[in-house]
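Engineer: Let me give you the structure first, and then I'll get to my questions.
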Amino acid sequence: MRHVCRETRLTYSLLFTGIETAVRVLLVEDDDLIGKGIVAGLRPHGITAHHVCTAAEAEAAQAEAAYHA
């Protein structure tokens with residue numbers, strides 16, 4: 001059975017500027033429970049975490065979108 005990783009999209013407001021922007025990070029973690037925990041930990045800070053489970057999925061994700069980290 002293949003793990004289904006989900007992307008969580010969030011935005012945050014830059015302090016003092018009021019400009020909304022999205023910070024996107026690519027999270028590569030093969031343990032789905034740990035990945036979900038990290039995504040959940042980033043969510044309150046307004047960070048978009050795209051969680052993938054394998055190196056091949058990470059390479060494909062990088063080819064499709066830009067990430068800040």
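The values are calculated or read from the model by the stated rules, or taken from the named source; none is laboratory data. Keep in mind the model is a prediction, meaning the values are calculated, not measured. Surface accessibility is based on the protein's heavy atoms, side chains included, excluding ligands, DNA and RNA. Shrake-Rupley method; radii C 1.70, N 1.55, O 1.52, S 1.80 Å.
Engineer: Looking at the range 31-58, which of its residues are within 11 Å of the chain's Cα centre (by Cα) and open to solvent by 70 Å² or more (accessible area, probe 1.4 Å)?
Structural biologist: Residues satisfying the conditions are Lys36, Arg43.
Engineer: State whether one or more residues within the range 23-38 are in a helix (DSSP H, G or I), at pLDDT below 95 and among the hydrophobic types (A, V, I, L, M, F, W, C).
Structural biologist: Looking through the range 23-38, none of the residues is in a helix (DSSP H, G or I), at pLDDT below 95 and among the hydrophobic types (A, V, I, L, M, F, W, C).
Engineer: Kindly indicate whether any position in the range 5-20 is modelled with pLDDT of 60 or more, of a type in the set (A, V, I, L, M, F, W, C) and open to solvent by less than 80 Å² (accessible area, probe 1.4 Å).
Structural biologist: Within the range 5-20, not a single residue is modelled with pLDDT of 60 or more, of a type in the set (A, V, I, L, M, F, W, C) and open to solvent by less than 80 Å² (accessible area, probe 1.4 Å).
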